[in-house]
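What follows is calculated from the coordinates using simple rules that are stated; it is not laboratory data. Being a predicted model, the structure only gives us computed values, none of them experimental. All Cβ positions, even for glycine, are placed from backbone atoms using ideal geometry, and neighbour counts span all protein chains on display.
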Amino acid sequence: MIQKNILSHLLLGYFQLLERHSIAYCVIGNYEKLPEYTSNDVDFWVSDKEKAEKLLLSLAKELTIKLYMQNKTANGTNNYFYYKHEEGNCQIIKIDLMTETAYKSLVPLVSSTLIQNNRKKYKNFYVVNEEIEAIMHLFYPLVTFGIVKNKYREKLQKIIKNQTFKTEVIGLMGTAYGDELIDYIRVGEWEKIEKDFKKIRGKFIVRMLKNLNVKRLGIFMIFLKTIFTRIKNKNGLSISFTGIDGAGKTSIKKYFVENSSLFFTSGRVKEFYWRPFLLPRVSKMIGSQGQKEILDTSGRRVIEKSIKNSVKNYIKYFYYILDFVFGKLKYFVVTHTGGLVVFDRYHFDNIIYPERFGFKVNKVFMRFVDKWIIPQPDLLFYLTANTETLYERKYEIDIDEINKQKEIYKDEIEKRGKIITVQTDGDFKTSVSDILEQCLFYMSQRIKDNG
């Protein structure tokens, strides 16, 4: 839930600014409880996206609401803001600006003119009328994802009696298929509609090509520019968690993966353990399957010393280096389209305890590789807690071994730097909140630094 007064101040101020600057606008969907509350993002249609965006960012700055991520598309922008709640945790506000409803921001589904001509006043701001909103709710998820969302089905069946809705659907789909589609909606043949999604998508693409003009070519050029910008500039985030067993890495990673859509682009998330695994497991490459694991008295894995093992260790390590370097291909798109990538352990853990991963090489050499060769996550978090807490969580590791590992981490962190320490002694919610704030602050500074 978004704190009422902050959201209300932002939206009421924004409505006034848009009207003062003669920018036509309307809110699309989920507006019933606005401006005080929304459970989701706030979608705006605007007649001038450049001016509307500048006004939004300027107002947010005045209210000390920080922009931490922005996805630019051919038909608008997705703007992600955060602020510190009075209770100390971070609250998110998402505001999307668009000039039309479009597939992949390029192929128009509901035109700007149709939206502008079908607005109405609700409370003290403009919203799109029910018929046009229903057309958006029908075609956008259908053309984009091949589905008719369950939450819209009942509304669609009620609104098919409306002549405006019928006329617009037939105008978009043609008389023959338009009538057929309306009949499908009337009797609830949702599977048949979803089965036809490629056919429907094709009709919109053909419609765009038939009406191709200079303006649409300009939008296509903007589309290409946004792709280039995303390739060049990362707007998502990659993070990794390191620390002694029992510090909470797995639980915290799970939280961020499962809740990534609250803070990042929906559906853009990847998780890894240790390395990207673009390359297969080394055991399959050098035939070490079935190799017996040797443990010392504290339960730590031991690598036997021999010339043969030393050669194998360096072969393994160089293999892992290749995977870290080229493994970025597995998550490049995610981090450059507003998504989240989470590693449970990363290359830094090789320096701490290489035996865990089945090899052992010179630590000075690994530090050099870590600094100059390995692609680093944007943020590396070291999770820790007091020794007694760690022992209670992972009693398999004795207290002396925990203290020994903590000293190793302390020493390596001092050598490396740029690692954020998070104490997880307290409740889980506090640990997550501390990490989230660090992530959002980093991203907001990156936007500020990039201008």
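When every alpha-carbon pair in the chain is counted, what percent end up more than 31 Å apart?
Summing the P(r) of the chain above 31 Å gives 53 percent of all pairs.
Go through 438-447, 102-111 and give me the packing order, highest mean Cβ count within 10 Å leading.
Per-residue mean Cβ counts within 10 Å order the peptides as 102-111, 438-447.
With only Lys, Arg, Asp and Glu charged, each at its Cβ (+1 for the first two, -1 for the last two), find how big the charge dipole of the chain is about the Cα centre; round to the nearest 20 debye.
So the magnitude is around 1680 debye.
Could you state the orientation-averaged shadow area of the convex hull built on the Cα atoms of segment 302-385, in nm² to one decimal?
One quarter of the hull surface, i.e. the mean projection, equals 6.6 nm².
Mind pulling the per residue volume of the convex hull built on the Cα atoms of segment 411-451? Å³ is fine.
Each residue corresponds to 63 Å³ of Cα convex hull volume.
Using a 10 Å cut-off around each Cβ, can you sort Ser261, Ser238 from fewest to most neighbouring Cβ atoms?
In increasing order of surrounding Cβ atoms, one gets Ser261, Ser238.
May I ask you to evaluate 6.51 cos²θ - 1.76 cosθ + 1.60, the Karplus curve with θ = phi - 60°, for each residue of segment 124-129 and list the ³J(HN,Hα) values in order in whole Hz, giving x for glycine and proline?
Rounded to whole hertz, the list is 10, 8, 8, 9, 7, 6.
Just the Cα atoms of segment 1-99, one point each, no solvent: what log10 I(q)/I(0) does Debye give at q = 0.10, 0.11, 0.19, 0.24 Å⁻¹?
One equal scatterer on each Cα of segment 1-99 leads to -0.23, -0.28, -0.89, -1.47.
Quick query: amide H of Thr101 versus all other amide H atoms, modeled in the peptide plane; which residues come in under 5 Å with a sequence gap of 5 or more or a different chain?
Here Leu109, Val110 satisfy the definition.
Taking the Cβ of Leu278 as the centre, find all other residues whose Cβ is under 13 Å away and add up their charges (Lys, Arg: +1; Asp, Glu: -1).
Neighbour charge sum, excluding Leu278 itself: +4.
Using each residue's phi in segment 56-70, evaluate 6.51 cos²θ - 1.76 cosθ + 1.60 at θ = phi - 60° and report the 3J(HN,Hα) Karplus result to the nearest Hz, with x for Gly and Pro.
After applying 6.51 cos²θ - 1.76 cosθ + 1.60, I find 5, 5, 5, 5, 4, 5, 4, 8, 6, 9, 8, 7, 10, 7, 9 Hz.
Identify, among Ile65, Ile132, Gly174, the residue whose Cα sits farthest towards the positive end of the charge dipole of the chain, taking +1 on the Cβ of Lys and Arg and -1 on the Cβ of Asp and Glu, with the dipole about the Cα centre.
Gly174
What does the charge dipole of segment 129-232 about its Cα centre add up to, to the nearest 20 debye, if the Cβ of each Lys and Arg holds +1 and the Cβ of each Asp and Glu holds -1?
600 debye
On average over all directions, what projected area in square nanometres does segment 118-166 have, based on the convex hull of its Cα atoms?
3.9 nm²
Cα axis of helix 399-416 to longest principal axis of the chain: angle in degrees, 0 to 90, nearest 10?
70 degrees
Just the projected area, averaged over all directions, of the convex hull on the alpha carbon atoms of segment 52-118: how many nm²?
5.6 nm²
What are the residues whose amide H is under 5 Å from the amide H of Gln376, where those residues sit 5 or more places off or on another chain and H is modelled from the backbone?
Result for Gln376 returns nothing.
Once a ≥ b ≥ c are taken as the square roots of the eigenvalues of the Cα gyration tensor of segment 234-449, is the result rounded (a/c under 1.5), prolate (a/b larger than b/c) or oblate (a/b not larger than b/c)?
oblate
Just rank Ile373, Ile244, Ile252, fewest to most, by other beta-carbon atoms within 10 angstrom.
Listing Ile373, Ile244, Ile252 from fewest to most nearby Cβ atoms yields Ile373, Ile252, Ile244.
Relative contact order for segment 129-232: what percent, with Cα pairs under 8 Å and sequence separation of 6 or more?
25 percent
Taking the Cα centre of segment 234-449 as origin, sum charge times position over the Cβ atoms of Lys and Arg (+1) and Asp and Glu (-1), and report the length of that vector in debye to the nearest 20.
It comes to approximately 1100 debye.
Using the Karplus curve 6.51 cos²θ - 1.76 cosθ + 1.60 with θ = phi - 60°, what ³J(HN,Hα) values do you get for each residue of segment 148-161, in whole Hz, with x for Gly and Pro?
Working through the residues one at a time gives 9, 4, 4, 5, 9, 5, 5, 5, 5, 5, 6, 8, 5, 6 Hz.
Calculate, in nm to one decimal, what Arg186 and Gln70 gain on full extension: separation in residues at 0.36 nm each, minus their alpha carbon distance.
That pair, Arg186 and Gln70, stretches by 37.8 nm at full extension.
If you fit an axis through the alpha-carbon atoms of helix 363-372 and take the longest principal axis of the Cα set of the chain, what angle between them do you get, 0 to 90°, nearest 10?
Its long axis makes an angle of about 20 degrees.
For Tyr122, what residues show an amide H to amide H distance below 5 Å, using hydrogens built from the backbone and excluding near sequence neighbours?
Hits under the 5 Å cutoff: Val127.
Sorted from fewest to most neighbouring beta carbons within 10 Å, what does the list Ile115, Ile222 look like?
By the 10 Å Cβ count, ascending: Ile222, Ile115.
Checking a compactness column here: for segment 129-232, what do you get for Rg(Cα) / (2.2 N^0.38 Å), N being the number of residues?
For segment 129-232, the normalised Cα radius of gyration comes out at 1.21.
Can you give the FRET efficiency to the nearest 0.05 for Arg20 and Tyr273, using r as the Cβ-Cβ distance and R₀ = 51 Å?
Computed FRET efficiency for Arg20 and Tyr273: 0.45.
Give the Kirkwood hydrodynamic radius (Å, one decimal) of segment 310-352, defined as one over the mean of 1/r across all pairs of different Cα atoms.
After inverting the pairwise mean of 1/r, the radius is 12.0 Å.
So what is the calculated 222 nm ellipticity per residue for the chain, using -39500 (n - 2.57) for each DSSP H run with n of 4 or more, over all residues, to the nearest 500 deg cm²/dmol?
Rounded to the nearest 500, it is -15500 deg cm²/dmol.
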